[in-house]
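Input: one structure, supplied below.
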Ligand code: COS
C-alpha cells in the first residue's frame with residue numbers, strides 16, 4: 001500500500017459519499033444532456049480524482065494498483081460516464097508518460113494531468129486497425145528535428161475535451177509491424193490536429209468520443225515518449241496491461257450497484273401476494289450475480305497485488321478484463337429481468353446500465369483479444 005491505511009480508508013469513504021450523494025442523484029441528467037456538468041468536474045478536481053494513479057512527486061495521490069482498483073469498486077457504483085471524465089487522466093492518457101516518459105515529460109505534463117487542468121487522451125485505434133494494433137498506419141515522418149504526423153484515429157475516448165494526446169504513429173516503414181511504432185505526446189492545439197464530430201453511441205452518455213485527424217501535424221522530436229523511436233507499441237501494451245485492471249474494478253463496482261438495486265426491487269415488489277425475492281427463480285438469478293461478482297473481485301484483487309509486487313500480469317490482466325466485463329454484462333441482463341417491466345423503462349435507470357456496460361467488453365481490448373492474450377501467455381508458459 002502506498003498510502004497509510006487510515007488515509008486510504010478516509011479517501012475511500014470520501015469517494016463513497018461523493019458517489020452516493022453527488023453523482024447518483026445526477027445520473028439521469030448527465031445521460032440526458034450527454035455532458036458532465038462543470039460543477040461536478042470541479043468537485044472531482046478538488047477531490048484529486050484526476051490524479052489518483054499519478055505519483056505524488058508529480059502532484060498526484062500516487063495510489064498503488066490495489067488501491068486504485070478499490071477506488072474503482074466505489075466509482076463503479078454510478079454511471080460509468082462519471083469515471084470516464086477522469087479515467088483517461090489516471091489510465092491510458094497519462095500512464096505512457098508515467099511508465100516510459102522522460103523526466104522532462106513527467107515534470108511538464110503530469111502535474112497538470114493530476115490536477116485535471118489538462119485532459120489526457122490515448123489515440124491508438126484507427127478506421128482500419130484496432131485489435132490489430134501493430135498494423136496502425138498513421139505516419140510520423142522525420143523532417144529535420146520535427147516529425148510530421150498524418151492519419152486518422154477513431155473511437156478516441158475524451159478526444160472532444162482533450163488537451164493532450166498520446167498518439168501511436170508509425171516512424172518505420174509501412175510493414176514494420178510493432179517495432180515501427182512510436183508514441184508521441186501531441187498537444188490538442190497543435191496546427192494540423194483536428195477533431196471529428198462527437199459520435200452518437202449506444203450508452204455511457206456524458207463520456208464523449210470522436211475521430212482525431214492529423215494533417216501535416218508537426219511535433220518536435222522531444223514529443224516522443226521516452227525519446228526513443230520504435231518503443232510505442234510496447235508502451236501501449238504496458239499501459240493497457242494496467243488499464244485493464246482498473247476497468248475490471250469498475251465492472252465490479254457497477255455489478256455491485258446492480259445487485260443492490262435488484263435486491264431492493266426484489267424485496268419491495270410483490271407478486272402472488274409475496275415479495276418476488278421469495279421466489280426461487282429470482283433467488284437463483286441473485287445468487288448467480290453475487291457469486292460471479294465475488295469471483296471477479298477476488299481475481300482482480302489478486303492481480304492488482306501481484307502487479308504491485310512487480311510480477312508480470314499480462315495474462316492475469318487479460319483474464320480480469322475478460323471475466324469482469326462479461327460478468328457485469330450477465331449481471332446487467334439479470335438486473336433487467338428481475339426488474340421486469342420496470343427494468344425496461346428509462347425512469348428506473350436499469351436499462352441505462354444495461355447499455356452502458358456493453359462497452360466494457362469492447363474497449364481497451366475486446367473479449368476476443370483478451371482470450372487470445374490469455375491463451376498465448378499460457379502456451380508461452382507451457383513451452384518454458
Ligand atoms: N507488455 C510489454 N511488451 C509487450 C506486451 C506487454 N503486455 N505485449 C507485447 N509486447 C511486446 C512483445 O514482447 C514484442 O516485443 P519483441 O518484438 O521485442 O519481442 C512486441 O511487443 C510485439 O508483440 P507481439 O508480437 O505480441 O504483437 P502482436 O501484434 O502479435 O500483438 C495483440 C497482438 C493482440 C496482443 C495486440 O495487438 C493487442 O493487444 N491488441 C489489442 C489492442 C487494444 O487493446 N486495442 C483497443 C484500443 S486501445 S484503448
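The values are calculated or read from the model by the stated rules, or taken from the named source; none is laboratory data. Remember, predicted model here, so these are calculated numbers, not experimental data. Don't worry about glycine lacking a Cβ; one is built from the backbone with ideal geometry, like all the others, and counts go over all protein chains shown.
State all residues of segment 87-134 that are under 21 Å from residue 42 (Cα atoms) and assigned to a helix (DSSP H, G or I); if no residue qualifies, say none.
Passing the criteria: 87, 88, 89, 90, 109, 110, 111, 112, 113, 114, 115.
Here is a further query. Looking at segment 1-80, what helices (runs of 4 or more DSSP H) fall wholly within it and have at least 1 residues that are within 26 Å of residue 320 (Cα to Cα) and at pLDDT 95 or above?
Hits in segment 1-80: 5-18, 65-75.
Quickly run through segment 143-152 and pick out the residues that are touching a residue at least 60 places away in the same chain (Cβ under 8 Å) and either out of contact with any helix residue (DSSP H, G or I) (no Cβ under 6 Å at 6 or more places or on another chain) or within 16 Å of the ligand (Cβ to nearest atom) (or both). Even if it seems obvious, please write down each step before you answer.
Of the residues in segment 143-152, the ones touching a residue at least 60 places away in the same chain (Cβ under 8 Å) are 143, 145-152.
143, 146, 147, 148, 149, 150, 151, 152, listed by residue number.
Further question on the same structure: Select, from 92, 99, 136, the only residue that is within 14 Å of the ligand (Cβ to nearest atom), crowded, with 24+ Cβ neighbours inside 10 Å and more than 18 Å from residue 187 (Cβ to Cβ). Please lay out each step first, then the result.
On the way: 92 fails: more than 18 Å from residue 187 (Cβ to Cβ); 99 fails: crowded, with 24+ Cβ neighbours inside 10 Å.
Being within 14 Å of the ligand (Cβ to nearest atom), crowded, with 24+ Cβ neighbours inside 10 Å and more than 18 Å from residue 187 (Cβ to Cβ) holds for just one of 92, 99, 136, which is 136.
Here is a further query. Consider residue 320 against the criteria (1) in contact (Cβ under 8 Å) with a residue 12 or more places away in the chain; (2) surrounded by fewer than 18 Cβ atoms within 10 Å (Cβ to Cβ): it satisfies all of them except one. Which criterion is unmet?
(2)
Test each condition in (1) within 16 Å of the ligand (Cβ to nearest atom); (2) buried (at least 18 other Cβ atoms within 10 Å of the Cβ) for residue 67 and report the one that comes out false.
Only one criterion in (1) within 16 Å of the ligand (Cβ to nearest atom); (2) buried (at least 18 other Cβ atoms within 10 Å of the Cβ) is unmet by residue 67, namely (1).
Please verify whether segment 215-222 includes one or more residues that are surrounded by 23 or more Cβ atoms within 10 Å (Cβ to Cβ), touching a residue at least 40 places away in the same chain (Cβ under 8 Å) and in contact with a helix residue (DSSP H, G or I) (Cβ under 8 Å, 6 or more places away or on another chain).
no
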